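Peer 1: Following this message is one structure expressed as structure tokens.
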Amino acid sequence: MAASRLFVAISARSLAAIDTTLTLPQLRTLVVLDGEGPVKLAALATALDVNPSTAMRTVDKLEAQALVDRQVNPDNRREVLLRLTPEGAGLVERVMDHRRREIRAIVSRLPADQRTGLVRSLRALAGAADEALTGPEPGPAERTARSI
């Protein structure tokens, strides 16, 4: 939990250093759009693990700040794709650069052997998280148990 709080604090400080008007959930939306490319609202909501209406309200706010725009899907004109504007992409890049610099400064204060161990442990943790996120779809019994 301490590591989780540390990374959230670093993200919040990095965001505040670059843009004091954006919230962490809005930054998370921008980061997902940056990584996923143009996506439909339903896909964005799924990636964020929020309801589509929540994702739409967030996109509306980001669009008002000229960080996100909507375009008709050229493959299906009934669909709208969401994507970062150049301003949104630049903001994500600046916040992530600030965050990387802050993490690098913190890690550099550790002795070399602890840094090596930290990197190994974080890679193992990230690998375990990827495995958990991409594991097999739960069966009907598991889905029912999770919904209770």
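The values are calculated or read from the model by the stated rules, or taken from the named source; none is laboratory data. All values derive from a computational prediction rather than experimental measurement. We place every Cβ from the backbone using ideal geometry, glycine too, and count neighbours over all the protein chains shown. Just so you know, the surface numbers come from the protein's heavy atoms only, side chains and all, with ligands and any DNA or RNA stripped out. Shrake-Rupley method; radii C 1.70, N 1.55, O 1.52, S 1.80 Å.
Peer 1: Read phi for every residue in the stretch 53-58 and hand back ³J(HN,Hα) as whole Hz from Karplus 6.51 cos²θ - 1.76 cosθ + 1.60, θ = phi - 60°, with x for Gly and Pro.
Peer 2: 5, 5, 4, 5, 4, 5
Peer 1: Please turn the phi angles of the stretch 43-51 into ³J(HN,Hα) values with the Karplus equation 6.51 cos²θ - 1.76 cosθ + 1.60 (θ = phi - 60°), one per residue in order, whole Hz, x for glycine and proline.
Peer 2: Result, rounded to whole Hz: 5, 5, 4, 5, 4, 8, 6, 10, 5.
Peer 1: Something else: About the Cα centre of the chain, how large is the charge dipole given +1 on each Lys and Arg Cβ and -1 on each Asp and Glu Cβ? Please answer in debye to the nearest 20.
Peer 2: Roughly 440 debye for the chain.
Peer 1: Compute the accessible area per residue over the chain, keeping the other protein chains in place, probe 1.4 Å, unit Å².
Peer 2: 68 Å²
Peer 1: Principal axis extents for the stretch 8-78, Cα atoms only, whole Å, descending order, please.
Peer 2: Projected onto its principal axes, the Cα set of the stretch 8-78 covers 40, 24, 21 Å.
Peer 1: Where a ≥ b ≥ c are the square roots of the eigenvalues of the C-alpha gyration tensor, would you call the stretch 1-126 rounded, which needs a/c under 1.5, or, failing that, prolate if a/b is larger than b/c, or oblate?
Peer 2: In terms of gyration-tensor shape, prolate.
Peer 1: Using a probe of 1.4 angstrom, how much of the accessible area of the chain is carbon and sulfur, in percent?
Peer 2: Summing carbon and sulfur atoms, their accessible area is 57 percent of the total for the chain.
Peer 1: Just by accessible area at a 1.4 angstrom probe, what is the order of R83, R123, R94 from largest to smallest?
Peer 2: Final ranking, largest accessible area leading: R123, R94, R83.
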